[in-house]
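Enquirer: The following block contains the structure, expressed as structure tokens.
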Amino acid sequence: MKTLVLNAGYEPLSVVSFKRAVVLVLTGKASVLQSDRDQPIRSETIAIDRPSVIILGRYVKPPRGRRVMLSRRGVLRRDGFLCAYCGGHATTIDHVLPRSRGGENSWTNLVACCRACNGAKGDRTPREMGWTLRVTPTPPRAGRFWLSELEEPIDEWRPFLTAFGWGAERSRARAVARSEAAA
């Protein structure tokens, strides 16, 4: 079981194992905000509830300025697994400017794409196809991007994440895709 770690300012900082969370709580470095009472942790001398969300006692400067390495999964995550052309479920990536025309493998030239749009576009640019991009491809912000565990958060974590907008983009993107599909 995983535990959400919040910074002293209630900002999501990381996700750790429940064992690491227990160590942080027992050493006084963190306090439990939410716990799972159904699965207590017992030892010979102590019994505590398994922590689900903890908050650090002191503020820790979050990692900033790190560059995110380019990967297929990273492009799909950045775009919320939504096709940049039609808004459907994306399973592949596409070069906006095809590699045969000098396009490079970069965050600004790659977008998430469904198989149908990728096959139809082929070796052409979106402009040649008469298509427009739904999003402008940009490098992701490292501060939020490296917490991949928050793609599908546990329900107990949601109240602590929504205050900082975590998961809001993906929910909004899915709602837009559903409304356009219904129209």
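Laboratory data are not the source of any read-out in this text; all were calculated from the coordinates shown. None of the values given here were measured: they were computed from a predicted structure. Here the Cβ is made from the backbone with ideal geometry for all residues, glycine too, and neighbour counts use every protein chain on show.
Enquirer: In terms of Cα to Cα distance under 20 Å, which lysines are near enough to residue 19, apart from those fewer than 8 places away along the same chain?
Expert: Straight-line reach from residue 19, under 20 Å: 2, 29.
Enquirer: Which of 81, 111, 96 sits farthest toward the positive end of the charge dipole of segment 72-129, with +1 on the Cβ of Lys and Arg and -1 on the Cβ of Asp and Glu?
Expert: 81
Enquirer: Answer rounded, prolate or oblate for segment 72-129, using the Cα gyration tensor with square roots of eigenvalues a ≥ b ≥ c: rounded when a/c is under 1.5, else prolate when a/b is larger than b/c, else oblate. Don't skip to the answer; put the middle values down first.
Expert: Details: a/c = 2.12, a/b = 1.23, b/c = 1.72.
Here segment 72-129 falls in the oblate category.
Enquirer: Then there's this: Relative contact order for segment 72-129 using alpha-carbon pairs under 8 Å, separation at least 6, rounded to a whole percent? Mind dumping the intermediate values first?
Expert: Working: 89 pairs, mean separation 20.8, N = 58.
Taking the mean separation of contacting Cα pairs over the length of segment 72-129, I get 36 percent.
Enquirer: Also: In whole Hz, what ³J(HN,Hα) sequence does segment 42-56 give by Karplus (6.51, -1.76, 1.60; θ = phi - 60°), x for Gly and Pro?
Expert: 10, 10, 5, 10, 8, 9, 10, 6, 5, x, 9, 9, 10, 10, 6
Enquirer: For residue 82, which sequence-distant residues (separation of 5 or more, or a different chain) have an amide H within less than 5 Å of its own amide H, given hydrogens modelled in the peptide plane?
Expert: The list, which skips near neighbours in sequence, is 90.
Enquirer: If the only charges are +1 at each Lys and Arg Cβ and -1 at each Asp and Glu Cβ, what is the size of the charge dipole of segment 72-129 around the Cα centre, to the nearest 20 debye?
Expert: Numbers: 10 positive and 5 negative charges, 24 e Å.
Its charge dipole is roughly 120 debye.
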